[in-house]
Amino acid sequence: MKRRYTRKAIEYPGINFKGHMYAGTVWPFPAKDGEYSVTLTEKGLTCDCYGMIFHGKCRHVRDVGERLVG
């Protein structure tokens, strides 16, 4: 059975993800129902929150991206 929603990696402007020194790093974000995790991969930033899963974007990825560029 094919999964309807897949984990997407967002490329953030101003960051070269290939061979990035933080590749594999996970940033935790507390939530009411546990914790969400943003991961920097070779393809971009991913998050396991519902916003990222259903809409393909979330504030967690934006926050980490702004910290890295900033």
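The values are calculated or read from the model by the stated rules, or taken from the named source; none is laboratory data. Only a predicted model underlies this, so the values are computations on that prediction, with no experimental measurement involved. Quick reminder, even Gly has a Cβ in these numbers, built from the backbone with ideal geometry, and neighbours come from all protein chains shown. Please note that ligands, DNA and RNA were not included when accessible areas were found on the heavy atoms of the full protein model with its side chains. Shrake-Rupley method; radii C 1.70, N 1.55, O 1.52, S 1.80 Å.
Here is how the numbers come out for the structure above:
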{"item": "Nearest-0.05 FRET efficiency for Ile53 and Lys32, computed from C-beta distance (R0 22 Å)", "result": "0.85"}
{"item": "Probe 1.4 Å, accessible area per residue of the chain, Å²", "result": "74 Å²"}
{"item": "In the chain, lysine pairs with alpha-carbon atoms under 17 angstrom apart (chain gap of 8 or more, or interchain)", "result": "5"}
{"item": "Rounded percent of accessible protein surface that carbon and sulfur make up, the chain, 1.4 Å probe", "result": "52 percent"}
{"item": "J(HN,Hα) series, the stretch 10-16, from Karplus relation 6.51 cos²θ - 1.76 cosθ + 1.60, nearest Hz, glycine and proline x", "result": "9, 8, 8, x, x, 10, 9"}
{"item": "Over the chain, relative contact order from alpha-carbon pairs under 8 Å, at least 6 apart, %", "result": "32 percent"}
{"item": "Lys43 long-range amide H proximity, modeled H, under 5 Å", "result": "none"}
{"item": "Calculated [θ] (222 nm, deg cm²/dmol) that DSSP helices of n ≥ 4 give over the chain, each run adding -39,500 (n - 2.57)", "result": "-6500 deg cm²/dmol"}
{"item": "The chain: angle of helix 59-69 to the longest principal axis, Cα-based, in degrees nearest 10", "result": "10 degrees"}
